[in-house]
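J.: Following this message is one structure expressed as C-alpha coordinates.
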Amino acid sequence: MAEPKPYTPLLQPSSTRNLPDFKKSIKLKYVKLGYHYLITHGMYLFLSPLLVVIAAQMSTFSIQDLYDIWENLQFNLISVIICSTLLVFLCTLYFVTRPRPVYLVNFSCYKPDESRKCTKKIFMDHSRLAGTFTEQSLEFQRKILERSGLGESTYLPAAVFHIPPNPTMAEARKEAEAVMFGAIDELFAKTAVKPKDIGILVVNCSLFNPTPSLSAMIVNHYKLRGNITSYNLGGMGCSAGLLSIDLAKDLLQVHPNSYALVISMENITLNWYTGNDRSKLVSNCLFRMGGAAILLSNKRSDRRRSKYQLVHTVRTHKGADDKCFACVTQEEDANGKVGVSLSKDLMAVAGDALKTNITTLGPIVLPMSEQLLFFATLVGRKLLKMKIKPYIPDFKLAFEHFCIHAGGRAVLDELEKNLQLSDWHMEPSRMTLYRFGNTSSSSLWYELAYTEAKGRIKRGDRTWQIAFGSGFKCNSAVWKALRTINPAKEKSPWIDEIHQFPVEVPKVSAI
(Lines give C-alpha, C1' and ligand atoms only; values in the text may rest on other atoms or scores of the structure.)
Protein backbone atom coordinates (compact mmCIF):
# COMPACT_ATOMS: atom_id res chain seq x y z
CA MET A 1 0.00 0.00 0.00
CA ALA A 2 1.32 3.44 -0.91
CA GLU A 3 2.43 5.77 1.86
CA PRO A 4 -0.31 8.28 2.77
CA LYS A 5 0.28 11.85 1.79
CA PRO A 6 1.39 14.17 4.59
CA TYR A 7 -1.52 16.00 6.13
CA THR A 8 -2.52 19.16 4.39
CA PRO A 9 -5.78 21.03 4.98
CA LEU A 10 -8.42 20.29 2.35
CA LEU A 11 -9.41 23.94 2.34
CA GLN A 12 -6.29 26.03 2.58
CA PRO A 13 -6.17 28.81 5.19
CA SER A 14 -5.78 31.35 2.42
CA SER A 15 -8.38 33.23 0.42
CA THR A 16 -9.07 30.11 -1.67
CA ARG A 17 -10.83 28.69 1.37
CA ASN A 18 -13.67 31.19 1.04
CA LEU A 19 -15.91 32.27 -1.77
CA PRO A 20 -14.66 35.47 -3.39
CA ASP A 21 -16.31 38.58 -2.01
CA PHE A 22 -19.09 39.47 -4.46
CA LYS A 23 -18.58 43.14 -3.65
CA LYS A 24 -14.99 43.28 -4.85
CA SER A 25 -15.47 42.63 -8.55
CA ILE A 26 -18.55 42.65 -10.74
CA LYS A 27 -17.81 41.86 -14.38
CA LEU A 28 -19.73 44.08 -16.75
CA LYS A 29 -20.06 41.35 -19.39
CA TYR A 30 -22.23 39.25 -17.07
CA VAL A 31 -24.48 42.21 -16.32
CA LYS A 32 -24.86 42.72 -20.07
CA LEU A 33 -25.59 39.01 -20.44
CA GLY A 34 -28.42 39.30 -17.93
CA TYR A 35 -30.04 42.18 -19.79
CA HIS A 36 -29.54 40.38 -23.10
CA TYR A 37 -31.36 37.38 -21.62
CA LEU A 38 -34.16 39.65 -20.43
CA ILE A 39 -34.62 41.26 -23.86
CA THR A 40 -34.43 38.07 -25.93
CA HIS A 41 -36.72 36.09 -23.63
CA GLY A 42 -39.10 38.84 -22.63
CA MET A 43 -40.53 40.33 -25.82
CA TYR A 44 -43.97 39.05 -24.91
CA LEU A 45 -43.73 40.91 -21.58
CA PHE A 46 -43.75 44.19 -23.49
CA LEU A 47 -46.42 43.12 -25.96
CA SER A 48 -48.77 41.84 -23.28
CA PRO A 49 -49.31 45.20 -21.51
CA LEU A 50 -49.80 46.91 -24.88
CA LEU A 51 -52.56 44.49 -25.84
CA VAL A 52 -54.12 44.85 -22.39
CA VAL A 53 -54.17 48.66 -22.72
CA ILE A 54 -55.79 48.42 -26.16
CA ALA A 55 -58.41 45.99 -24.89
CA ALA A 56 -59.10 48.14 -21.82
CA GLN A 57 -59.52 51.25 -23.94
CA MET A 58 -61.89 49.51 -26.34
CA SER A 59 -63.99 48.23 -23.45
CA THR A 60 -64.88 51.86 -22.57
CA PHE A 61 -66.37 52.52 -26.01
CA SER A 62 -70.12 52.83 -26.27
CA ILE A 63 -72.21 51.63 -29.21
CA GLN A 64 -72.34 55.20 -30.47
CA ASP A 65 -68.55 55.50 -30.26
CA LEU A 66 -68.09 52.35 -32.34
CA TYR A 67 -70.65 53.60 -34.86
CA ASP A 68 -68.84 56.96 -35.16
CA ILE A 69 -65.52 55.18 -35.69
CA TRP A 70 -67.08 53.06 -38.40
CA GLU A 71 -68.56 56.14 -40.08
CA ASN A 72 -65.13 57.79 -40.11
CA LEU A 73 -63.29 54.74 -41.39
CA GLN A 74 -65.66 53.35 -43.99
CA PHE A 75 -64.57 56.00 -46.47
CA ASN A 76 -60.90 55.52 -45.65
CA LEU A 77 -60.09 52.01 -46.78
CA ILE A 78 -56.32 52.49 -46.43
CA SER A 79 -56.59 53.39 -42.73
CA VAL A 80 -58.82 50.40 -42.06
CA ILE A 81 -56.39 48.02 -43.76
CA ILE A 82 -53.37 49.47 -41.91
CA CYS A 83 -55.04 49.32 -38.49
CA SER A 84 -56.37 45.83 -39.06
CA THR A 85 -53.02 44.59 -40.29
CA LEU A 86 -51.22 46.13 -37.32
CA LEU A 87 -53.68 44.59 -34.87
CA VAL A 88 -53.39 41.14 -36.46
CA PHE A 89 -49.58 41.43 -36.54
CA LEU A 90 -49.34 42.35 -32.85
CA CYS A 91 -51.70 39.56 -31.81
CA THR A 92 -49.84 37.03 -33.93
CA LEU A 93 -46.46 38.21 -32.61
CA TYR A 94 -47.68 37.93 -29.04
CA PHE A 95 -49.03 34.40 -29.38
CA VAL A 96 -46.05 33.18 -31.41
CA THR A 97 -43.36 34.54 -29.08
CA ARG A 98 -45.14 33.75 -25.84
CA PRO A 99 -43.62 30.60 -24.33
CA ARG A 100 -45.88 27.83 -23.12
CA PRO A 101 -46.29 27.96 -19.35
CA VAL A 102 -44.54 25.09 -17.57
CA TYR A 103 -46.19 23.89 -14.39
CA LEU A 104 -44.73 21.76 -11.60
CA VAL A 105 -47.67 19.51 -10.82
CA ASN A 106 -45.95 17.81 -7.88
CA PHE A 107 -42.68 16.20 -6.80
CA SER A 108 -41.51 13.51 -4.41
CA CYS A 109 -38.27 12.78 -2.56
CA TYR A 110 -37.12 9.27 -1.76
CA LYS A 111 -36.74 8.39 1.91
CA PRO A 112 -34.72 5.16 2.37
CA ASP A 113 -35.60 2.44 4.89
CA GLU A 114 -34.57 2.87 8.50
CA SER A 115 -32.10 0.00 8.03
CA ARG A 116 -30.04 2.26 5.74
CA LYS A 117 -29.45 4.93 8.41
CA CYS A 118 -25.80 5.66 9.07
CA THR A 119 -24.70 7.46 12.23
CA LYS A 120 -21.21 8.90 12.45
CA LYS A 121 -20.20 6.04 14.75
CA ILE A 122 -21.48 3.42 12.30
CA PHE A 123 -19.65 5.22 9.49
CA MET A 124 -16.35 5.19 11.35
CA ASP A 125 -16.80 1.60 12.59
CA HIS A 126 -17.41 0.31 9.06
CA SER A 127 -14.53 2.36 7.67
CA ARG A 128 -12.21 0.83 10.26
CA LEU A 129 -13.50 -2.73 9.66
CA ALA A 130 -13.09 -2.34 5.90
CA GLY A 131 -9.35 -2.73 6.43
CA THR A 132 -8.33 -0.47 3.56
CA PHE A 133 -7.82 2.84 5.37
CA THR A 134 -4.72 3.90 7.29
CA GLU A 135 -5.04 5.39 10.78
CA GLN A 136 -4.25 8.82 9.34
CA SER A 137 -7.06 8.46 6.78
CA LEU A 138 -9.51 7.32 9.44
CA GLU A 139 -8.65 10.32 11.62
CA PHE A 140 -9.04 12.61 8.60
CA GLN A 141 -12.52 11.18 7.88
CA ARG A 142 -13.51 11.61 11.53
CA LYS A 143 -12.56 15.30 11.42
CA ILE A 144 -14.42 15.80 8.14
CA LEU A 145 -17.57 14.24 9.63
CA GLU A 146 -17.36 16.50 12.70
CA ARG A 147 -17.17 19.61 10.52
CA SER A 148 -19.45 18.50 7.70
CA GLY A 149 -22.79 19.67 9.06
CA LEU A 150 -24.24 16.15 8.63
CA GLY A 151 -26.34 14.66 11.42
CA GLU A 152 -26.88 11.13 12.72
CA SER A 153 -29.69 10.04 10.37
CA THR A 154 -28.29 10.13 6.85
CA TYR A 155 -28.49 7.07 4.60
CA LEU A 156 -26.06 4.81 2.79
CA PRO A 157 -26.79 1.80 0.50
CA ALA A 158 -26.50 -1.82 1.61
CA ALA A 159 -23.31 -2.44 -0.38
CA VAL A 160 -21.43 0.12 1.73
CA PHE A 161 -22.61 -1.45 5.00
CA HIS A 162 -21.25 -4.80 3.88
CA ILE A 163 -17.92 -5.85 5.47
CA PRO A 164 -15.88 -5.39 3.36
CA PRO A 165 -17.85 -3.04 1.04
CA ASN A 166 -19.39 -4.78 -1.96
CA PRO A 167 -19.38 -2.20 -4.81
CA THR A 168 -20.69 -4.37 -7.67
CA MET A 169 -22.78 -3.51 -10.70
CA ALA A 170 -25.65 -5.64 -9.35
CA GLU A 171 -25.66 -3.74 -6.03
CA ALA A 172 -25.48 -0.41 -7.84
CA ARG A 173 -28.53 -1.37 -9.91
CA LYS A 174 -30.40 -2.32 -6.73
CA GLU A 175 -29.65 1.10 -5.24
CA ALA A 176 -30.70 2.90 -8.42
CA GLU A 177 -33.95 0.95 -8.68
CA ALA A 178 -34.82 1.53 -5.03
CA VAL A 179 -34.29 5.30 -5.35
CA MET A 180 -35.89 5.83 -8.76
CA PHE A 181 -38.87 3.53 -8.39
CA GLY A 182 -39.50 4.62 -4.80
CA ALA A 183 -39.68 8.30 -5.79
CA ILE A 184 -41.71 7.66 -8.97
CA ASP A 185 -44.25 5.39 -7.23
CA GLU A 186 -44.93 8.11 -4.67
CA LEU A 187 -45.20 10.77 -7.39
CA PHE A 188 -47.71 8.75 -9.42
CA ALA A 189 -49.74 8.18 -6.25
CA LYS A 190 -49.75 11.92 -5.50
CA THR A 191 -50.73 13.06 -9.00
CA ALA A 192 -52.90 10.15 -10.21
CA VAL A 193 -51.03 10.37 -13.51
CA LYS A 194 -50.71 7.09 -15.39
CA PRO A 195 -47.33 5.93 -16.76
CA LYS A 196 -48.72 5.93 -20.30
CA ASP A 197 -49.46 9.67 -19.96
CA ILE A 198 -45.75 10.53 -19.71
CA GLY A 199 -44.44 11.94 -22.99
CA ILE A 200 -41.00 13.17 -21.90
CA LEU A 201 -38.51 11.47 -19.57
CA VAL A 202 -35.25 13.06 -18.35
CA VAL A 203 -32.98 11.20 -15.92
CA ASN A 204 -29.75 12.60 -14.49
CA CYS A 205 -27.17 10.59 -12.52
CA SER A 206 -23.61 11.80 -12.76
CA LEU A 207 -21.46 8.80 -11.85
CA PHE A 208 -23.53 5.69 -12.61
CA ASN A 209 -24.32 5.11 -16.28
CA PRO A 210 -25.13 1.45 -16.94
CA THR A 211 -26.27 -0.19 -20.17
CA PRO A 212 -29.22 -0.26 -20.67
CA SER A 213 -29.48 3.26 -19.31
CA LEU A 214 -31.32 4.39 -16.20
CA SER A 215 -34.01 5.98 -18.38
CA ALA A 216 -34.44 2.63 -20.18
CA MET A 217 -34.81 0.92 -16.78
CA ILE A 218 -37.69 3.28 -15.97
CA VAL A 219 -39.33 2.77 -19.37
CA ASN A 220 -39.12 -0.99 -18.89
CA HIS A 221 -40.35 -1.03 -15.29
CA TYR A 222 -43.38 1.22 -15.88
CA LYS A 223 -44.02 0.11 -19.47
CA LEU A 224 -43.95 3.68 -20.75
CA ARG A 225 -45.18 4.27 -24.28
CA GLY A 226 -42.99 3.47 -27.26
CA ASN A 227 -42.78 7.02 -28.67
CA ILE A 228 -41.60 8.61 -25.41
CA THR A 229 -38.89 11.27 -25.73
CA SER A 230 -36.24 10.14 -23.23
CA TYR A 231 -32.84 11.44 -22.19
CA ASN A 232 -30.19 10.07 -19.82
CA LEU A 233 -27.71 12.69 -18.56
CA GLY A 234 -24.41 11.56 -17.03
CA GLY A 235 -21.21 13.16 -15.75
CA MET A 236 -22.80 16.56 -15.16
CA GLY A 237 -22.40 16.83 -11.39
CA CYS A 238 -24.68 18.16 -8.67
CA SER A 239 -26.08 20.94 -10.86
CA ALA A 240 -27.59 18.46 -13.34
CA GLY A 241 -30.97 18.51 -11.59
CA LEU A 242 -31.72 22.05 -12.75
CA LEU A 243 -30.13 21.31 -16.09
CA SER A 244 -32.70 18.50 -16.45
CA ILE A 245 -35.48 20.93 -15.56
CA ASP A 246 -34.23 23.34 -18.23
CA LEU A 247 -34.09 20.56 -20.83
CA ALA A 248 -37.61 19.42 -19.93
CA LYS A 249 -38.82 23.03 -20.17
CA ASP A 250 -37.40 23.36 -23.70
CA LEU A 251 -38.97 20.07 -24.75
CA LEU A 252 -42.34 21.15 -23.37
CA GLN A 253 -42.20 24.22 -25.61
CA VAL A 254 -42.36 22.01 -28.72
CA HIS A 255 -44.51 19.11 -27.45
CA PRO A 256 -48.00 20.43 -26.68
CA ASN A 257 -50.24 18.84 -24.04
CA SER A 258 -47.44 16.76 -22.54
CA TYR A 259 -46.18 15.57 -19.19
CA ALA A 260 -42.44 15.53 -18.47
CA LEU A 261 -41.03 13.26 -15.77
CA VAL A 262 -37.64 14.35 -14.37
CA ILE A 263 -35.56 12.07 -12.12
CA SER A 264 -32.56 13.51 -10.23
CA MET A 265 -30.29 11.21 -8.25
CA GLU A 266 -26.76 9.98 -7.57
CA ASN A 267 -25.42 6.48 -6.98
CA ILE A 268 -23.15 5.78 -4.01
CA THR A 269 -22.42 2.05 -4.41
CA LEU A 270 -19.94 2.06 -7.30
CA ASN A 271 -18.40 5.34 -6.22
CA TRP A 272 -17.38 4.44 -2.69
CA TYR A 273 -13.68 5.22 -2.44
CA THR A 274 -11.51 2.69 -0.57
CA GLY A 275 -8.12 4.38 -0.95
CA ASN A 276 -6.20 6.89 1.15
CA ASP A 277 -6.06 9.99 -1.10
CA ARG A 278 -7.56 12.71 1.10
CA SER A 279 -8.95 14.74 -1.77
CA LYS A 280 -11.09 11.70 -2.65
CA LEU A 281 -12.06 10.70 0.90
CA VAL A 282 -14.15 13.86 1.36
CA SER A 283 -16.83 12.51 -1.02
CA ASN A 284 -17.29 9.44 1.20
CA CYS A 285 -17.99 11.71 4.15
CA LEU A 286 -20.45 14.08 2.44
CA PHE A 287 -22.46 12.18 -0.20
CA ARG A 288 -25.48 10.14 0.83
CA MET A 289 -28.29 8.10 -0.69
CA GLY A 290 -31.29 9.98 -2.11
CA GLY A 291 -33.23 11.07 -5.19
CA ALA A 292 -36.26 12.99 -6.41
CA ALA A 293 -38.97 12.69 -9.06
CA ILE A 294 -40.61 15.80 -10.54
CA LEU A 295 -43.69 15.98 -12.79
CA LEU A 296 -43.90 18.96 -15.17
CA SER A 297 -46.79 19.81 -17.47
CA ASN A 298 -47.64 22.34 -20.17
CA LYS A 299 -51.37 21.59 -20.07
CA ARG A 300 -53.35 24.68 -19.10
CA SER A 301 -55.90 22.42 -17.45
CA ASP A 302 -53.20 21.40 -14.94
CA ARG A 303 -52.69 24.93 -13.66
CA ARG A 304 -55.42 24.62 -11.02
CA ARG A 305 -53.87 21.56 -9.38
CA SER A 306 -50.18 22.40 -9.89
CA LYS A 307 -47.98 23.72 -7.11
CA TYR A 308 -45.63 26.01 -9.02
CA GLN A 309 -44.99 27.65 -12.36
CA LEU A 310 -41.47 27.77 -13.76
CA VAL A 311 -40.57 31.42 -14.27
CA HIS A 312 -36.88 31.43 -15.24
CA THR A 313 -33.90 29.14 -15.72
CA VAL A 314 -30.35 30.48 -16.04
CA ARG A 315 -27.36 28.26 -16.81
CA THR A 316 -23.67 29.13 -16.39
CA HIS A 317 -20.81 26.95 -17.66
CA LYS A 318 -17.17 27.74 -16.81
CA GLY A 319 -15.68 24.64 -18.46
CA ALA A 320 -13.60 26.68 -20.90
CA ASP A 321 -11.30 27.57 -17.99
CA ASP A 322 -8.86 24.73 -17.25
CA LYS A 323 -8.89 25.34 -13.48
CA CYS A 324 -12.69 25.27 -13.38
CA PHE A 325 -12.82 22.18 -15.57
CA ALA A 326 -10.42 20.19 -13.38
CA CYS A 327 -11.59 21.15 -9.86
CA VAL A 328 -13.89 18.09 -9.49
CA THR A 329 -12.55 15.01 -11.28
CA GLN A 330 -13.23 11.29 -11.19
CA GLU A 331 -9.85 9.57 -11.44
CA GLU A 332 -7.63 6.78 -10.17
CA ASP A 333 -5.23 7.25 -7.27
CA ALA A 334 -1.67 5.94 -7.16
CA ASN A 335 -2.96 2.44 -6.38
CA GLY A 336 -5.52 2.34 -9.18
CA LYS A 337 -8.55 2.97 -6.96
CA VAL A 338 -11.16 5.24 -8.51
CA GLY A 339 -12.60 8.18 -6.63
CA VAL A 340 -13.83 11.74 -7.06
CA SER A 341 -11.05 14.22 -6.37
CA LEU A 342 -11.86 17.70 -5.04
CA SER A 343 -9.32 20.40 -5.82
CA LYS A 344 -8.19 22.95 -3.25
CA ASP A 345 -9.43 25.58 -5.73
CA LEU A 346 -13.00 24.32 -5.45
CA MET A 347 -14.28 27.17 -3.28
CA ALA A 348 -12.77 29.86 -5.50
CA VAL A 349 -14.13 28.18 -8.65
CA ALA A 350 -17.58 27.71 -7.11
CA GLY A 351 -17.62 31.34 -6.04
CA ASP A 352 -16.75 32.58 -9.52
CA ALA A 353 -19.47 30.43 -11.11
CA LEU A 354 -22.00 31.51 -8.52
CA LYS A 355 -21.17 35.17 -9.01
CA THR A 356 -21.52 34.83 -12.77
CA ASN A 357 -24.88 33.10 -12.49
CA ILE A 358 -26.23 35.54 -9.91
CA THR A 359 -25.08 38.57 -11.93
CA THR A 360 -26.84 37.16 -15.01
CA LEU A 361 -30.03 36.41 -13.07
CA GLY A 362 -30.22 39.80 -11.34
CA PRO A 363 -31.65 41.94 -14.18
CA ILE A 364 -34.38 39.35 -14.78
CA VAL A 365 -35.74 39.09 -11.25
CA LEU A 366 -34.76 42.15 -9.20
CA PRO A 367 -37.18 45.05 -8.67
CA MET A 368 -36.38 48.23 -10.58
CA SER A 369 -35.25 50.11 -7.46
CA GLU A 370 -32.48 47.57 -6.82
CA GLN A 371 -31.43 47.57 -10.46
CA LEU A 372 -31.16 51.37 -10.54
CA LEU A 373 -28.98 51.42 -7.43
CA PHE A 374 -26.79 48.66 -8.81
CA PHE A 375 -26.55 50.31 -12.24
CA ALA A 376 -25.73 53.72 -10.76
CA THR A 377 -22.82 52.41 -8.69
CA LEU A 378 -21.60 50.34 -11.64
CA VAL A 379 -21.53 53.40 -13.91
CA GLY A 380 -19.79 55.38 -11.18
CA ARG A 381 -17.04 52.79 -10.82
CA LYS A 382 -16.55 51.73 -14.44
CA LEU A 383 -17.09 54.97 -16.35
CA LEU A 384 -16.55 57.79 -13.85
CA LYS A 385 -13.74 55.93 -12.00
CA MET A 386 -15.29 56.79 -8.64
CA LYS A 387 -13.86 54.99 -5.62
CA ILE A 388 -17.11 53.55 -4.30
CA LYS A 389 -18.02 50.02 -3.30
CA PRO A 390 -20.16 48.04 -5.73
CA TYR A 391 -23.78 47.75 -4.68
CA ILE A 392 -24.87 44.17 -4.10
CA PRO A 393 -28.63 43.98 -4.72
CA ASP A 394 -30.88 42.59 -2.01
CA PHE A 395 -32.14 39.31 -3.46
CA LYS A 396 -34.52 38.98 -0.51
CA LEU A 397 -36.66 41.55 -2.35
CA ALA A 398 -36.89 39.21 -5.35
CA PHE A 399 -37.45 35.89 -3.55
CA GLU A 400 -39.26 34.72 -0.46
CA HIS A 401 -37.50 31.34 -0.30
CA PHE A 402 -33.98 30.09 -1.11
CA CYS A 403 -33.00 26.51 -1.93
CA ILE A 404 -29.21 26.44 -2.17
CA HIS A 405 -27.55 23.13 -3.02
CA ALA A 406 -26.49 21.44 0.22
CA GLY A 407 -23.06 20.59 -1.11
CA GLY A 408 -21.21 21.32 2.09
CA ARG A 409 -21.20 23.52 5.15
CA ALA A 410 -18.45 25.87 3.98
CA VAL A 411 -20.26 26.92 0.79
CA LEU A 412 -23.52 27.52 2.69
CA ASP A 413 -21.70 29.68 5.24
CA GLU A 414 -20.07 31.78 2.54
CA LEU A 415 -23.26 32.20 0.52
CA GLU A 416 -25.16 33.28 3.60
CA LYS A 417 -22.54 35.98 4.18
CA ASN A 418 -22.21 37.15 0.57
CA LEU A 419 -25.95 37.32 -0.14
CA GLN A 420 -26.69 38.67 3.34
CA LEU A 421 -29.28 35.98 4.01
CA SER A 422 -30.77 35.23 7.41
CA ASP A 423 -30.73 31.95 9.33
CA TRP A 424 -34.40 31.55 8.34
CA HIS A 425 -33.53 31.74 4.64
CA MET A 426 -30.68 29.24 5.02
CA GLU A 427 -32.62 26.84 7.22
CA PRO A 428 -33.92 24.52 4.43
CA SER A 429 -30.40 24.03 3.04
CA ARG A 430 -28.73 23.52 6.41
CA MET A 431 -31.39 21.13 7.69
CA THR A 432 -31.28 19.11 4.45
CA LEU A 433 -27.51 18.77 4.79
CA TYR A 434 -27.96 17.76 8.43
CA ARG A 435 -30.79 15.26 7.91
CA PHE A 436 -30.04 13.74 4.48
CA GLY A 437 -26.47 14.81 3.68
CA ASN A 438 -25.36 15.82 0.21
CA THR A 439 -27.74 13.94 -2.08
CA SER A 440 -26.22 15.63 -5.12
CA SER A 441 -28.68 16.98 -7.71
CA SER A 442 -31.75 16.00 -5.66
CA SER A 443 -30.84 18.09 -2.59
CA LEU A 444 -32.80 21.11 -3.88
CA TRP A 445 -36.02 19.10 -3.78
CA TYR A 446 -35.47 17.94 -0.19
CA GLU A 447 -35.02 21.63 0.63
CA LEU A 448 -38.24 22.65 -1.13
CA ALA A 449 -40.04 19.78 0.63
CA TYR A 450 -38.71 21.12 3.95
CA THR A 451 -40.06 24.60 3.17
CA GLU A 452 -43.46 23.10 2.34
CA ALA A 453 -43.50 20.94 5.47
CA LYS A 454 -42.89 24.08 7.55
CA GLY A 455 -46.01 25.65 6.01
CA ARG A 456 -44.04 28.56 4.54
CA ILE A 457 -45.17 28.39 0.89
CA LYS A 458 -47.94 30.90 0.19
CA ARG A 459 -49.63 31.67 -3.09
CA GLY A 460 -47.48 34.02 -5.16
CA ASP A 461 -44.26 33.26 -3.26
CA ARG A 462 -41.10 33.05 -5.37
CA THR A 463 -38.48 30.37 -4.73
CA TRP A 464 -34.92 30.46 -6.01
CA GLN A 465 -33.15 27.13 -6.53
CA ILE A 466 -29.42 27.36 -7.21
CA ALA A 467 -26.98 24.47 -7.66
CA PHE A 468 -23.37 24.05 -8.73
CA GLY A 469 -21.28 21.08 -9.77
CA SER A 470 -18.42 19.63 -11.77
CA GLY A 471 -17.53 21.02 -15.14
CA PHE A 472 -17.75 23.68 -13.59
CA LYS A 473 -21.43 24.65 -13.78
CA CYS A 474 -23.88 26.76 -11.84
CA ASN A 475 -27.62 26.70 -12.64
CA SER A 476 -30.64 28.58 -11.30
CA ALA A 477 -34.40 28.04 -11.46
CA VAL A 478 -37.10 30.42 -10.28
CA TRP A 479 -40.54 29.09 -9.30
CA LYS A 480 -43.75 30.94 -8.45
CA ALA A 481 -46.23 29.27 -6.11
CA LEU A 482 -49.67 28.90 -7.70
CA ARG A 483 -51.36 28.06 -4.41
CA THR A 484 -50.73 27.98 -0.69
CA ILE A 485 -49.29 24.61 0.31
CA ASN A 486 -51.02 22.92 3.23
CA PRO A 487 -48.38 20.66 4.85
CA ALA A 488 -51.06 18.50 6.48
CA LYS A 489 -52.14 17.33 3.02
CA GLU A 490 -48.66 16.69 1.68
CA LYS A 491 -46.61 13.52 1.91
CA SER A 492 -42.91 14.29 2.16
CA PRO A 493 -39.75 12.84 3.74
CA TRP A 494 -40.02 15.50 6.47
CA ILE A 495 -43.65 15.32 7.47
CA ASP A 496 -43.31 12.81 10.34
CA GLU A 497 -40.41 14.62 11.98
CA ILE A 498 -40.66 18.26 10.87
CA HIS A 499 -41.51 19.31 14.44
CA GLN A 500 -37.95 18.38 15.43
CA PHE A 501 -36.43 20.96 13.09
CA PRO A 502 -34.56 23.23 12.99
CA VAL A 503 -31.86 21.78 15.17
CA GLU A 504 -28.76 23.54 16.44
CA VAL A 505 -25.71 22.40 14.49
CA PRO A 506 -22.57 23.09 16.56
CA LYS A 507 -20.17 25.55 14.96
CA VAL A 508 -16.62 24.28 14.55
CA SER A 509 -13.36 25.68 13.25
CA ALA A 510 -12.21 24.99 9.70
CA ILE A 511 -10.25 21.85 8.85
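The values are calculated or read from the model by the stated rules, or taken from the named source; none is laboratory data. Everything numeric in this text was worked out from a predicted model, so none of it was measured. In this analysis, Cβ positions are derived from the backbone assuming ideal geometry, glycine residues included, and neighbour counts consider all displayed protein chains. Heads up: the accessible areas ignore ligands, DNA and RNA and are worked out on the full protein's heavy atoms, side chains in. Shrake-Rupley method; radii C 1.70, N 1.55, O 1.52, S 1.80 Å.
J.: How high is the relative contact order of the range 262-327? Use alpha-carbon pairs under 8 Å, at least six apart in sequence, and give a whole percent.
T.: Relative contact order, the range 262-327: 33 percent.
J.: THR60 to ASP250: extension gain in nm, 0.36 nm per residue of separation minus the Cα-Cα distance?
T.: Contour length minus the Cα-Cα distance gives 64.4 nm.
J.: Based on alpha-carbon centroids, what's the gap between the range 170-187 and the range 102-167 in Å, whole number please?
T.: Result: 18 Å between the Cα centres.
J.: Something else about it: Any idea how far the Cα center of the range 462-511 sits from the one of the range 212-245, in Å?
T.: That distance is 24 Å.
J.: Extending each Cα 7 Å along its Cβ direction at LYS480 and ARG98, get the distance between those two points in nm, one decimal.
T.: 1.3
J.: So which trypsin sites (Lys or Arg not before Pro) in the range 385-458 pass both tests, a DSSP loop state and at most 15 other Cβ atoms within 10 Å of the Cβ?
T.: Sparse-neighbourhood loop trypsin sites (Lys or Arg not before Pro): LYS385, LYS387, LYS458.
J.: Would you mind estimating how fast the range 335-421 diffuses translationally, via Stokes-Einstein at 25 °C and 0.890 mPa s with the Kirkwood radius over Cα pairs, in µm²/s?
T.: After rounding, the answer is 160 µm²/s.
J.: Counting other Cβ atoms within 10 Å of each Cβ, which GluC sites (Glu not before Pro) in the range 428-500 have at most 11 and sit in a DSSP loop?
T.: GLU497
J.: Pairs of Cα atoms under 8 Å, at least six residues apart: use those to get the relative contact order of the range 102-500, whole percent.
T.: 22
J.: By how many nm would the segment from LYS337 to LYS194 grow when fully extended, if each residue of separation counts as 0.36 nm and the alpha-carbon distance is taken off?
T.: Using 0.36 nm per residue and subtracting the Cα-Cα distance, I get 47.2 nm.
J.: Further, regarding this structure: I'd like the FRET efficiency for THR134 and ARG300, computed as 1/(1 + (r/R0)^6) with the beta carbon distance as r and R0 of 56 Å, rounded to 0.05.
T.: Efficiency at R0 = 56 Å is approximately 0.40.
J.: Test of understanding: what is the full-extension gain from ARG459 to GLU177, defined as 0.36 nm times their sequence separation minus their Cα-Cα distance?
T.: Residue separation times 0.36 nm, minus the Cα-Cα distance, leaves 98.0 nm.
J.: Same structure, new question: Give a quick list of trypsin sites (Lys or Arg not before Pro) in the range 222-321 that DSSP marks as loop, anything other than H, G, I, E or B, with at most 10 other Cβ atoms within 10 Å.
T.: LYS223, ARG304
J.: When the Cα centres of the range 372-394 and the range 312-333 are compared, how far apart do they sit, in Å?
T.: 30
J.: While we're here: Based on Cα positions only, what radius of gyration and what Dmax would you give for the range 102-500, in angstroms?
T.: 21.0, 67
J.: ARG430: net charge of surrounding residues, Cβ under 10 Å, Lys/Arg +1, Asp/Glu -1, itself excluded?
T.: Here the charged neighbours net out to -3.
J.: I want the local charge near ASN357. Using Cβ-Cβ distances under 11 Å, sum +1 for each Lys or Arg and -1 for each Asp or Glu among the other residues.
T.: +3
J.: Hey, another quick one. What does the charge add up to near ASN106, with Lys and Arg as +1, Asp and Glu as -1, over the other residues with Cβ less than 15 Å from its Cβ?
T.: Here the count lands on +4.
J.: Given THR463, ALA216, ASN475, which one lies farthest toward the positive end of the charge dipole of the range 102-500, if we put +1 on the Cβ of every Lys and Arg and -1 on the Cβ of every Asp and Glu?
T.: Value: THR463.
J.: Short version: ³J(HN,Hα) in whole Hz for each residue of the range 187-202, in order, from phi by Karplus 6.51 cos²θ - 1.76 cosθ + 1.60 (θ = phi - 60°), x for Gly and Pro, what are they?
T.: With the stated coefficients, the range 187-202 comes to 5, 4, 5, 5, 9, 6, 7, 8, x, 5, 7, 6, x, 9, 10, 10 Hz.
J.: Roughly how many Å² is the accessible area per residue of the range 102-500, as a whole number, for a 1.4 Å probe?
T.: Result: 38 Å² of accessible area for each residue.
J.: What list of ³J(HN,Hα) values in whole Hz, one per residue of the range 242-249 in order, does the Karplus curve 6.51 cos²θ - 1.76 cosθ + 1.60 (θ = phi - 60°) give from phi, with Gly and Pro shown as x?
T.: Here the 3J(HN,Hα) series is 6, 5, 5, 4, 5, 5, 4, 4 Hz.
J.: Please give the charge dipole size of the range 102-500, origin at the Cα centre, charges +1 on K and R Cβ atoms and -1 on D and E Cβ atoms. Round to the nearest 20 debye.
T.: Charge dipole, the range 102-500, about its Cα centre: 1280 debye, nearest 20.
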